[in-house]
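The values are calculated or read from the model by the stated rules, or taken from the named source; none is laboratory data. Treat the numbers as computed from the prediction; the structure is a model and nothing was measured. Using ideal geometry, Cβ is built from the backbone for each residue, glycine included, and neighbour counts are taken over all protein chains shown. These area figures cover heavy atoms from the full protein model, side chains too; ligands, DNA and RNA do not enter into them. Shrake-Rupley method; radii C 1.70, N 1.55, O 1.52, S 1.80 Å.
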Amino acid sequence: MARIVGSIMMSHVPAIGRAISKNLQADPYWAPWFDGFPPVRRWLADVKPDVVVAVYNDHGLNFFLDKMPTFAVGAAPEYRNADEGWGIPTLQPFAGDPMLSWHVIETLVDAEFDVTTCQEMLVDHAVTLPMALLWPGDAPWPVRVVPVCVNTVQFPLPSMARGFKLGQAIGRAIASYEEDLKVVVIGTGGLSHQLDGTRAGFINREFDELCFEKLVSDPQALTKYSIHEVVELAGTQGVEVLNWLTARGTLLGQVTQVHRNYHIPISNTAAGLLCLENRG
Ligand code: DHB
Ligand code: FE
């Protein structure tokens, strides 16, 4: 049977793409961020996952404001990356896992999560940067990818409780998949940041630290925040922490922290990284 071996949550700031393309990993501005990754890469080398389920939000690339699914799941054999306007290099197409995608989609719809299904899907920096950070270099990633897109962009957004429940349903879907697969779930975006409006530049370390703590040991506690409270506490784009909570929902076993890193700021963002192991 398939099993979820853990989850990795991290920020997805476009400037990271430029830093990678210019080899700035050791630069004093960038080192506190990139130095967070070796322990997570060592953990990945140890667990050797076959598939990554990527919980992220699209930034106007595949879905624009005219058509905005609350939840969408990729079911494509291959995904293409494009730049939605940041001017960062795009990556080569990468492999999906349509069989697993359809199993997840069918199980979710059966559980009354009526997701949009995408047999073609463009993905933006919110998928490619985390993957490029986990598997750096030009070689193809050693995993297939199932993208799960959550609307954190245009109101009404799903609630924190709903995201967590979607994650739990994805966790059950994967546990009922017959192929012997090891799956890592990534959740991208966050932590606190706001790119526009009068609060542009807003960062809230205290709330980010609370999120880290609760994501490890008491994720249910985060479901009590309304989405408007999260916008207030984390910023309009910091609400992407919903993707982290959705990813956390997929871990149905005993969860322990492997590693975490936090650095303020990368661009306008409190940049976070959290790696969790799931046993049993
Ligand atoms: C930034 C952060 C994001 O989450 C994003 O999607 C785009 C930009 C930033 O801080 O620059
Ligand atoms: Fe974002």
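Suppose accessible area is computed on protein heavy atoms with a 1.4 Å probe; arrange TRP244, TRP86 from highest to lowest.
TRP86, TRP244
Run the numbers on the chain and let me know its relative contact order in percent, using alpha-carbon pairs under 8 Å that are six or more apart.
Details: 633 pairs, mean separation 88.2, N = 280.
Computed value for the chain: 31 percent relative contact order.
How big is the dipole moment of the chain about its Cα centre under a simple scheme where the beta carbon of each Lys and Arg is +1, that of each Asp and Glu is -1, and everything else is neutral? Debye, nearest 20, please.
The calculation lands at about 500 debye.
Take every Cα pair under 8 Å in segment 204-271 that's 6+ residues apart, average their separations, divide by the length, and report that relative contact order as a whole percent. The partial results should precede the final answer.
Details: 36 pairs, mean separation 21.6, N = 68.
Here the relative contact order equals 32 percent.
Per DSSP H run of n ≥ 4, the term is -39500 (n - 2.57); total these for the chain, divide by its residue number, and report the mean residue ellipticity at 222 nm rounded to 500 deg cm²/dmol.
Rounded to the nearest 500, the figure is -9500 deg cm²/dmol.
Quote the FRET efficiency, to the nearest 0.05, computed for SER21 versus LEU65 with a Förster distance R0 of 41 Å and r equal to the Cβ-Cβ distance.
0.90
Between PHE94, PHE64, PHE37, find the one with the highest GNM mean-square fluctuation for the chain; connect C-alpha pairs within less than 10 Å.
Its mean-square fluctuation being the largest, the pick is PHE64.
May I have the count of lysine pairs in the chain with C-alpha atoms under 26 Å apart, counting pairs 8 or more residues apart or located on different chains? Present the calculation step by step, with values, prior to reporting the outcome.
Details: LYS48/LYS182; LYS67/LYS165; LYS165/LYS182; LYS165/LYS214; LYS165/LYS224; LYS182/LYS214; LYS214/LYS224.
Final tally of qualifying lysine pairs is 7.
I'd like the carbon and sulfur percentage of the solvent accessible area for the chain, probe radius 1.4 Å, heavy atoms only, ligands and nucleic acids excluded.
51 percent
Rolling a 1.4 angstrom probe over the protein heavy atoms, how many square angstrom per residue are accessible across segment 99-194?
The answer is 39 Å² per residue.
Quick one: among MET160, MET99, MET68, which has the greatest mean-square fluctuation in a GNM of the chain with alpha-carbon springs under 10 angstrom?
MET99
If a/c stays under 1.5 just call it rounded; otherwise compare a/b with b/c (prolate if a/b is bigger, oblate if not). Do that for the chain, with a ≥ b ≥ c from the square roots of the Cα gyration tensor eigenvalues.
Rounded, since a/c falls under 1.5.
Ignoring everything but the protein chains, give the 1.4 Å probe accessible area of VAL146 in square angstrom, nearest 10.
Here the accessible area works out near 0 Å².
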